[in-house]
1. Go ahead and set up a Gaussian network model of the chain, Cα springs under 10 Å, then flag whichever of 78, 25, 89 fluctuates most.
2. Where both residues lie in the chain, what percent of DSSP beta bridges are antiparallel, nearest 5?
3. Per DSSP H run of n ≥ 4, the term is -39500 (n - 2.57); total these for the chain, divide by its residue number, and report the mean residue ellipticity at 222 nm rounded to 500 deg cm²/dmol.
4. With a/c under 1.5 counting as rounded, go ahead and sort segment 14-106 into rounded, prolate or oblate using the C-alpha gyration tensor (a ≥ b ≥ c being the square roots of the eigenvalues; past the cut-off, prolate if a/b is larger than b/c, else oblate).
5. Rounded to the nearest 0.05, what FRET efficiency do residue 42 and residue 9 have when you use their Cβ-Cβ distance and R0 = 30 Å?
6. Using a Förster distance of 22 Å, how high is the FRET efficiency between residue 23 and residue 68, based on the Cβ-Cβ distance and rounded to 0.05?
7. Normalised by the number of residues in the chain, what is the relative contact order in percent for Cα pairs under 8 Å and 6+ residues apart?
8. Roughly how tilted is helix 9-23, in degrees to the nearest 10 and between 0 and 90, from the longest Cα axis of the chain?
């Protein structure tokens, strides 16, 4: 069953931040990364239910899943998402070395 992937504002900000960082180093690298992300989102639409729980799942009420994808250079990125009905809601995109996402403190 194909699900609809929804990119949240937070995930969109993560994506733009990563692309900006990469583009400052290599325009072609940023393009390649974005193409890999798009292919991964297509994969998620078909296979999100097969992904395991993220370490962040322990910190939130909703079930948080993750999928890892790597660049051609082997750098891992994590997609954090929830599945709600027919939607995959992409919550965050985490790059190499980034800490776990935790609930915001008041």
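1. Among 78, 25, 89, the largest mean-square fluctuation in the Gaussian network model of the chain belongs to 25.
2. Values: 14 of 18 bridges.
Taking every DSSP beta bridge within the chain, about 80 percent pair in antiparallel fashion.
3. Values: 2 runs with 36 residues, N = 106.
Estimated from H runs of four or more residues: -11500 deg cm²/dmol.
4. Details: a/c = 2.19, a/b = 1.42, b/c = 1.54.
The shape class here is oblate.
5. Working: r = 21 Å, r/R0 = 0.70.
The formula returns an efficiency of 0.90 here.
6. Working: r = 23 Å, r/R0 = 1.02.
For residue 23 and residue 68, the calculated efficiency is 0.45.
7. Working: 143 pairs, mean separation 34.2, N = 106.
Relative CO of the chain lands at 32 percent.
8. The two axes meet at around 20 degrees.
We did not get these values from a lab; they are worked out from the coordinates using the rules stated. Quick caveat: nothing in here was measured; it's all calculated off a predicted structure. Every residue, glycine as well, gets a Cβ built from its backbone with ideal geometry; the counts of neighbours run over all protein chains shown.
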